[in-house]
Amino acid sequence: MAINPDYVGREYRAPEAYEVTRVKIREFAEAVGDTAPVYTDPAAAEAAGYADVVAPPTFPVILGMAGSAQAIADPGLGVDFSRVVHGDQGFRYSRPVVAGDVLDTVTRITDVKALGGNELLTLETVATDASGDHVVTAGMMLVVRGE
């Protein structure tokens with residue numbers, strides 16, 4: 001395998017906390033074509049029981065970008081980014097992400113394996129709030145296509 005399996009368990013911390021804003025939530029909702037008012041209208045979000053506008057369910061993909069980029073760029077891991085395709089994505093929430101959250105993230109390599117001439121790299125990003133409480137875990141599997 002070209003991907004170094006010894007890197008399973010290695011962690012990559014985002015260099016700074018991610019500040020969730022109404023603008024970032026609105027831009028993400030627009031990018032994915034979701035027009036639900038709870039993503040853009042504070043009154044609608046409050047009426048639905050949220051403290052502020054709430055992020056769409058797939059928003060945490062953004063939270064894992066810093067750590068995932070560090071992992072993929074780590075020369076010791078051995079990922080040829082030109083051969084990478086996205087394989088899977090999943091989220092486990094303790095609570096919704098809302099505007100005003102300041103989230104710390106750590107991305108960890110959880111699995112490396114070979115399958116059908118390809119290699120699979122699984123990463124997990126855990127986001128915690130300013131109190132250290134878990135908010136969401138975002139899992140991602142990348143396929144590194146074989147030669």
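The values are calculated or read from the model by the stated rules, or taken from the named source; none is laboratory data. Being a predicted model, the structure only gives us computed values, none of them experimental. Please note: Cβ atoms are built from the backbone with ideal geometry, for glycine as well, and neighbour counts cover all protein chains shown. The area values use the complete protein model at the heavy-atom level, side chains included, leaving out ligands, DNA and RNA. Shrake-Rupley method; radii C 1.70, N 1.55, O 1.52, S 1.80 Å.
Take the alpha carbon atoms of region 1-61, find their center, do the same for region 108-147, and report the distance between the two centers in whole angstrom. Result: 17 Å between the Cα centres.
Using the basic label-point model (7 angstrom from Cα toward the beta carbon), what is the K24 to D111 distance in nanometres? Inter-label distance under the simple model: 2.9 nm. Rounded to two decimals, the Cα-based Rg/Rh of region 1-93, with Kirkwood Rh, is 1.09.
Would you compute, from DSSP H runs of 4+ residues alone, the mean residue ellipticity of the chain at 222 nm, taking -39500 (n - 2.57) per run and dividing by the full residue count, rounded to the nearest 500?
-5000 deg cm²/dmol
Taken per residue, the accessible surface of region 21-83 reaches 53 Å², heavy atoms only and a 1.4 Å probe.
With a 1.4 Å probe and every protein chain kept in, tell me what percent of the accessible surface of the chain is carbon plus sulfur.
Summing carbon and sulfur atoms, their accessible area is 52 percent of the total for the chain.
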